[in-house]
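These notes concern the structure reproduced below.
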Amino acid sequence: MKILNHFSLKNYTTFGIEAKAEQFVAVHSVADLKSILEQNKTKKKFVLGGGSNMLLTKNIEALVIHIDLKGKKILKEDADFVWVESQAGENWHEFVLYTIEQNFGGLENMSLIPGNVGTTPVQNIGAYGTEIKDTFVSCEAMNIENQEIKTFTKEECHFGYRESVFKNEVKDQYIIVSVVFKLRKQNHKINTSYGDITAELEKNKVTTPTLKDVSNAVIAIRKSKLPDPAELGNSGSFFKNPILLKADFEPIHQKFPEMKFFDISETEVKVPAGWLIEQAGLKGKRFGDAGIHKNQALVLVNYGNATGQEILDVSKIVQDTVYNMFGIHIEAEVNII
Ligand SMILES: Cc1cc2nc3c(=O)[nH]c(=O)nc-3n(C[C@H](O)[C@H](O)[C@H](O)COP(=O)(O)OP(=O)(O)OC[C@H]3O[C@@H](n4cnc5c(N)ncnc54)[C@H](O)[C@@H]3O)c2cc1C
């Protein structure tokens with residue numbers, strides 16, 4: 001394990017923004033992670049997975065620990081289910097494809113989400129009507145302070161919409177080293193109701209979709225809608241869809257009857273942030289090398305040499321414009337550092 005000094009993180013985040021790590025180390029085993037933490041007790045640490053959910057606005061004055069633990073295995077199975085464990089550094093999309101090849105169902109709607117398996121519980125990733133919490137069993141995480149491994153059950157993770165205990169109660173205290181999912185071996189619960197999946201399957205003349213068909217449809221839709229970070233730096237949806245109490249939403253809705261919304265509980269609605277940004281006239285707007293994507297108003301992009309601060313400035317313009325127009329605050333989904 002080699003600790004590197006003044007290490008460029010430009011190729012380690014999907015925004016492709018230049019920022020230096022004071023120190024950088026890639027860890028390939030739990031034992032390496034333990035010894036790095038033991039040897040650097042007093043140093044500030046920063047955990048890096050695939051870098052697809054962070055905006056670096058400055059150099060990181062810390063030891064950046066890049067989680068690169070590999071491996072996956074079947075822990076147990078019964079007639080209907082299989083419990084699969086993946087190490088934190090496995091690429092998420094490759095892991096999803098592996099489960100589909102084995103005919104294990106449950107993750108197919110989350111195909112092509114960038115990043116690592118170990119980061120998926122951090123914000124309870126989700127797409128096309130599925131979230132990680134639907135198949136998550138537990139994860140093992142190392143306590144940064146004392147290097148003890150703790151198993152977090154699903155209940156202990158306090159999953160919410162793009163939220164978990166790792167973003168709140170135990171933020172910066174644990175490094176997730178492995179995750180266990182419970183997946184279906186048969187009687188798959190194919191979910192094509194969300195977004196354009198049904199239309200995409202119809203286009204391909206698929207009438208009884210398999211896991212692979214659903215995954216292929218999701219991949220095709222995502223490729224047509226979202227910019228590829230390899231071509232245009234971005235971090236996916238920059239903002240969360242705001243959740244409002246129905247009582248607060250009602251007067252706003254009266255003023256803007258065309259506003260889109262979804263009931264999420266008896267008392268709350270979710271409003272698509274992309275719609276608000278588009279209505280505010282910001283879709284496709286560019287400020288130097290930072291901007292709002294031309295097809296996806298939720299996605300902020302780096303056209304080449306934007307700094308993290310410039311992207312952050314654009315995000316503030318978006319938040320202020322939306323607030324001034326609708327009185328709704330939209331919160332960043334991306335981790336801003
Ligand atoms: C084009 C694109 C599309 C996307 N689409 C979606 C989508 O549909 N749904 C969705 O939910 N997300 C989406 N995302 C966001 C992102 O892919 C996910 O949040 C992903 O899980 C981030 O993983 P990562 O390994 O890249 O995390 P990183 O960006 O490396 O880290 C994110 C945060 O987690 C912390 N962290 C990283 N690894 C660990 C660990 N092992 N233990 C503890 N903390 C850790 C970091 O310190 C940081 O705070 C998209 C991103 C892009 C670029």
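The values are calculated or read from the model by the stated rules, or taken from the named source; none is laboratory data. This one's a predicted model, so the numbers in the text were calculated from it and none came from an experiment. Please note: Cβ atoms are built from the backbone with ideal geometry, for glycine as well, and neighbour counts cover all protein chains shown. Note: accessible area is taken over every heavy atom of the protein model, side chains too, but ligands, DNA and RNA are not part of it. Shrake-Rupley method; radii C 1.70, N 1.55, O 1.52, S 1.80 Å.
The fraction of accessible area contributed by carbon and sulfur in the range 88-236 is 47 percent, rounded to a whole number (1.4 Å probe; ligands and nucleic acids excluded).
Take every pair of alpha-carbon atoms less than 8 Å apart whose residues are at least six positions apart; their mean separation over the length of the chain yields a relative contact order of 16 percent.
The distance between label points at ASP80 and ASP32 comes to 4.1 nm (points 7 Å beyond Cα on the Cα→Cβ vector). Average 1/r across all pairs of distinct alpha carbons in the range 138-212, invert it, and you get the Kirkwood radius: 15.5 Å.
Partners of LYS182 within straight-line reach, counting lysines whose Cα lies under 16 Å from its Cα and excluding those fewer than 8 residues away in the same chain: LYS72, LYS73, LYS76, LYS133, LYS154. Note on the range 212-253: Lys pairs 8 or more places apart or on different chains, Cα atoms under 24 Å apart, count 4. Mean sequence separation of contacting Cα pairs (under 8 Å, at least six apart), scaled by the length of the range 1-128, corresponds to a relative contact order of 20 percent.
When the Cα atoms of the chain are aligned to their principal axes, the ranges along those axes come out at 58, 51, 38 Å in descending order.
Modelled spin labels at GLU331 and THR267, positioned 7 Å past Cα toward Cβ, are 1.6 nm from each other. Using only the Cα atoms of the range 187-337, build the gyration tensor, take square roots of its eigenvalues as a ≥ b ≥ c, and label the shape rounded, prolate or oblate: rounded if a/c is under 1.5, else prolate if a/b is larger than b/c, else oblate. Cα axes put the range 187-337 in the oblate bin.
With the Kirkwood sum run over all distinct C-alpha pairs, the range 268-337 has a hydrodynamic radius of 12.2 Å. The GluC sites (Glu not before Pro) of the range 164-206 that DSSP puts in a loop, and whose beta carbon has at most 11 other beta carbons within 10 Å, are GLU169.
Placing one equal scatterer on every Cα of the range 1-109 and applying the Debye formula, the log10 ratio I(q)/I(0) at q = 0.10, 0.16, 0.22, 0.23 Å⁻¹ is -0.39, -0.80, -1.14, -1.20. Each Cα pair of the range 218-288 feeds into the Kirkwood radius, which the Stokes-Einstein equation turns, at 10 °C and 1.306 mPa s, into a diffusion coefficient of 111 µm²/s. With all protein chains kept in place, the per residue accessible area of the chain amounts to 48 square angstrom at a probe of 1.4 angstrom.
Hey, any idea what % of the range 239-335's accessible area is carbon plus sulfur with a 1.4 Å probe? In the range 239-335, the share of accessible area belonging to carbon and sulfur is 50 percent. Using C-alpha pairs below 8 Å separated by at least 6 residues, the relative contact order for the range 138-192 is 40 percent.
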